[in-house]
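As structure tokens, the structure follows; a few thoughts come after it.
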Amino acid sequence: MTFTKTPGWLDWYAGPAKPHFHLPPGSVDAHCHVFGPGAEFPFAPERKYTPCDASRAQLFALRDHLGFERNVIVQATCHGADNSAVVDALKASGGRARGVATVRRDISDAQLQALDAAGVRGVRFNFVKRLVDFTPKEELLEIASRIKPLGWHVVIYFEAADLPELWDFFTALPTVVVVDHMGTPDVTQPVDGPQFGFFVKFMREHPNVWSKVTCPERLSVTGPAALNGERNAYRDVVPFARHLVETFPDRVLWGTDWPHPNLKKHMPDDGLLVDFIPHIAPTPALQQKLLVDNPMRLYWS
Ligand code: 0GY
């Protein structure tokens, strides 16, 4: 099957810089995706966007170029609840990738077991309306209760404005809960303002909640421009990510978000994204937790 990309689609950047920052040995890119290839793994009929292809081989080449050891591959919404492309990548990774799937309530126990055997360790519940249709909360709670015995966790993706309304549902989840992209703060608001303060409270009051300190390229208003010739792109996002890394050092994860779905203005250089890390995790001890210890505990133990 051939697919036509969504108009205005930005393809991932093919010539990333070599990072200046040297990742600690064993680092995990804990949020990335594969797209198709569409001819092999068709995109889902219910998708809200049609991306370019981004194959497992291209992901693994990026992993090696940047200096990562492992990947956590998150099911992208353009594949709906058909996890074949992720499972294929996990199986080809030689144990160096784990996955986060999207499942519906009609999934059988045998299918869950097969996903587990392939390396899936979580399910993603997506509340971003431009990406998915609404799924009833009781269906999600049922899924959460079925994946809990497998030792899996739930990844949640939502927009900051929706956290108050979703709070009761999130706090009822019986597993570890991993928030995508810091709960998508508006970074023009103060880091100690009410919006981000509410997210910090969510993490502080619930020790089962983790956050990915990811997607500066998605959240930034100042953008990728460097200041004073330094590699300090996306600097308006730094205080938010750094606050979480320093406050909850054992509950943060980092990832590239390659191949960066649905960016409208620019496509980041993944090498420069890696150079963002020491700005948000300024000490070797924090870097070790963020990049190695935390993802290994959640995905490989
Ligand atoms: C991300 C962000 C986005 C998309 C998806 O699964 C997806 O389609 O996650 C987005 O458009 O904000 O985490 O990759």
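The values are calculated or read from the model by the stated rules, or taken from the named source; none is laboratory data. Everything quoted here is computed from the prediction, not taken from an experiment. Ideal geometry is used to build each Cβ from the backbone, glycine not excepted, and the neighbour counts take in all protein chains shown. The accessibility values were calculated without ligands, DNA or RNA, using every heavy atom of the protein model including side chains. Shrake-Rupley method; radii C 1.70, N 1.55, O 1.52, S 1.80 Å.
Brief remarks on what is shown
- Amide hydrogen neighbours beyond the local backbone of VAL209, cut-off 5 Å, H modeled: VAL177
- Structure-based [θ]222 nm, the chain - -39500 (n - 2.57) summed over DSSP H runs of at least 4, per residue, nearest 500: -8500 deg cm²/dmol
- Sequence-distant lysines (8 or more away, or on other chains) whose Cα lies within less than 20 Å of LYS48: LYS5, LYS129, LYS264, LYS265
- Global size of the stretch 125-171 as Cα Rg and Dmax, reported in angstrom: 11.2, 32
- Accessible area of the chain belonging to carbon and sulfur atoms, whole % at 1.4 Å probe: 54
- Within-10-Å neighbourhood charge of ASP250 [Cβ basis; K, R +1; D, E -1]: +2
- Using a probe of 1.4 Å on the protein chains alone, the accessible area found for LYS48 is around 90 Å².
- Counting every C-alpha pair in the stretch 28-299, the share spaced more than 26 angstrom apart comes to 38%.
- Shape index of the stretch 145-301: Rg/Rh, with Rg the Cα radius of gyration and Rh the Kirkwood radius from the inverse mean 1/r over Cα pairs, equals 0.96.
- Along the chain, the exposed loop sites are GluC sites (Glu not before Pro) outside DSSP states H, G, I, E and B with at most 16 other Cβ atoms within 10 Å, and the longest stretch free of them is 47-158.
- Once the Cα gyration tensor of the stretch 4-89 is diagonalised, semi-axes √(5λ) in Å: 25, 15, 10
- Under-5 Å amide H pairs with PHE125, H placed in peptide plane, nonlocal only: VAL155, ILE156, TYR157
- Computed accessible area, LYS148, all protein chains, 1.4 angstrom probe, square angstrom: 100
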